[in-house]
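What follows is one structure encoded as structure tokens, with my remarks underneath.
Only the coordinates and a few stated rules stand behind these numbers; no lab work does. Computed from a predicted structure; not experimentally measured. For neighbour counting, all protein chains shown are included, and Cβ atoms are generated from backbone atoms with ideal geometry for every residue, glycine included.
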Amino acid sequence: MYIESPRYTERFGSVRMNHPQAVVALDSGMKSELPPYGAMGVMKVDEETIKHFENKMAIVIPIKDEKLKLFEGVISGVPHDCMIITVSNSQIEKIDRFRMEGDALNQICRYTSREALIIHQKDPAISEALAEAGYEDLLGEDGLVRDGKCAAMMIGMLMAKVAGKEYVGFVDADNYFPGAILEYVRNYAAGFSMAKSDYSMVRILWRYKPKLSAGLYFKKWGRVSEVTNKYMNSLISSKIGFETEVVRTGNAGEHAISMKLAETLPYAAGYAVEPQELISIFENFGGILPTRDRKAMEQGVDIFQIETRNPHLHEEKGDEHLKGMLLSALSTIYHSPLCDQDLKQAILSELTSQSIIKEGEEPPPLHITPAPKKMDIKKFVAAIKEDFNSYSALQ
Ligand code: GDD
């Protein structure tokens with residue numbers, strides 16, 4: 001593919017956050033000349049490089065009661081060399097949607113001879129392995145894995161670790177365009193190929209997110225992301241003393257992380273997960289608060305924001321859902337030790353003016369699961385090993 005070279009990088013302690021880079025062309029051909037690195041502000045990421053990273057990557061698909069047709073499309077878009085890990089919280093009683101998802105995955109994997117795992121979030125074998133490894137934070141009061149997208153992502157991440165993958169990427173199961181999924185994963189690979197550090201993250205910025213309102217309108221910014229990005233940028237600006245607009249992917253559900261970085265980050269429950277990842281990176285590696293991750297501090301953390309060619313079309317879940325998402329996102333900033341009084345006040349005003357909280361209320365604290373490196377991964381692997389093959393979609 002051809003992609004804009006990283007042009008401007010905002011530095012915040014050891015964090016190198018790159019301004020968005022647009023995909024210029026989805027393919028760069030076998031024969032086309034490789035322009036000198038950065039020539040004309042555009043670089044070529046060749047197929048071999050993309051495949052190299054895809055082979056080391058697991059793609060985690062969290063799913064909860066989505067339309068099966070959409071899920072099938074999403075699976076079909078994940079590049080062949082990536083391992084697919086589906087983590088489902090779909091219903092089993094009455095209609096066994098989990099079984100239907102397994103059947104769909106099995107069919108595609110059989111036809112195309114590829115690797116995939118499918119796990120139910122509430123599988124007792126998973127919660128037992130987590131308890132064995134001392135990682136009870138991911139469990140609810142019933143002793144099973146908590147509900148929510150974040151918990152699903154974390155299970156997927158741990159299974160990717162067990163499978164020996166070096167990168168883990170996430171795509172939602174409710175995307176209408178298989179071709180967009182293919183592009184997201186290729187963009188993850190392109191981002192990782194540009195990283196100087198073993199600690200890196202790639203976040204997807206959609207070129208357009210079309211809305212249906214008297215025809216198709218190609219909207220650029222989502223209501224939640226616009227506000228999240230504004231306050232994330234205010235947080236960075238208040239620390240570096242210069243106004244910045246570098247953050248454009250505060251809520252990016254589609255993103256990927258190198259396993260080394262993924263292991264060092266704490267994760268916030270539900271839809272706070274993506275903004276909290278950025279906040280945790282700023283807290284851990286921004287040079288303001290103390291860090292114990294000396295290696296990451298020395299190498300630095302590379303964050304890439306890649307703007308797709310494909311528009312993003314997914315299921316819309318209504319206003320209340322969006323309000324909840326915005327509250328979660330702004331809570332991550334509000335409760336960060338990096339957030340000063342002025343910014344806290346601005347966040348409160350934003351949330352009250354949007355009638356998300358009442359006057360005098362504060363955003364509720366978030367449930368944060370400590371970094372996976374705090375668990376005894378060897379014990380987790382030992383406990384899950386026996387069941388590992390039973391998660392194969394080809395079973
Ligand atoms: N396993 C599992 N468990 N999956 C879940 C759960 C759960 O409890 N809850 C939601 N999911 C799955 C959905 O089925 C979907 O595939 C994905 O997680 C995203 O959930 P949605 O509810 O569809 O989120 P959204 O589309 O409103 O928001 C997405 O985009 C935002 C950025 O605009 C999400 O990816 C957000 O996290 C993201 O911030």
Could you give each residue of region 199-210 its phi-based ³J(HN,Hα) in whole Hz, using Karplus coefficients 6.51, -1.76, 1.60 with θ = phi - 60°, and x for Gly or Pro? 9, 9, 9, 10, 10, 8, 10, 7, 5, 9, 10, x
Residue of Phe380, Phe98, Phe242 that the Gaussian network model of the chain assigns the largest fluctuation, springs spanning Cα pairs under 10 Å: Phe242
How far apart, in nm, are the 7 Å Cα→Cβ label points at Asp142 and Ser5? 5.5
By how many nm would the segment from Glu359 to Ile240 lengthen if fully extended, with 0.36 nm per residue of separation less the alpha-carbon distance? 39.8 nm
Axial C-alpha extent at least 24 Å, average Kyte-Doolittle at least -1.0 - helices from the chain (DSSP): 178-194, 223-240
Rounded, prolate or oblate (a/c below 1.5 giving rounded, otherwise prolate when a/b exceeds b/c) for region 78-172 by Cα gyration tensor: oblate
According to a simple spin-label model (label point 7 Å from Cα along Cα-to-Cβ), what is the distance in nm between Val42 and Lys385? 5.1
For Leu205, what residues show an amide H to amide H distance below 5 Å, using hydrogens built from the backbone and excluding near sequence neighbours? Ile306, Glu307, Thr308
From phi via Karplus (6.51, -1.76, 1.60), per-residue ³J(HN,Hα) for region 2-9 in Hz, x at Gly/Pro: 10, 9, 4, 6, x, 9, 9, 10
Paramagnetic reach from Ile95 (point 7 Å along Cα→Cβ, amide N under 12 Å) across region 50-78: 65-69
Over 22 Å (Cα to Cα) among Lys239/Lys344; Lys260/Lys295; Lys31/Lys209; Lys149/Lys196; Lys69/Lys161 -> Lys31/Lys209; Lys149/Lys196; Lys69/Lys161
Note down the magnitude of the dipole of the chain about its Cα centre, charges +1 on Lys and Arg C-beta and -1 on Asp and Glu C-beta and zero elsewhere, to the nearest 20 debye. 740
By average Cβ neighbour count within 10 Å, what is the ranking of 79-89, 8-18 from highest down? 79-89, 8-18
Once amide H atoms are placed 1.01 Å from N in the peptide plane, what residues at a sequence separation of 5 or more from Val42, or on another chain, have their amide H within under 5 Å of its amide H? Ser5
What shape does the chain have by the C-alpha gyration tensor, where a ≥ b ≥ c are the square roots of the eigenvalues, rounded means a/c under 1.5, and otherwise prolate means a/b greater than b/c and oblate the rest? rounded
Qualifying aspartates and glutamates (Cα of each under 12 Å from Cα of Lys323; at least 8 residues distant if same chain): Glu350
Which residue, Val23, Trp206, Ile257, has the largest displacement toward the positive end of the dipole of the chain when charges sit on each Cβ (Lys, Arg +1; Asp, Glu -1)? Val23
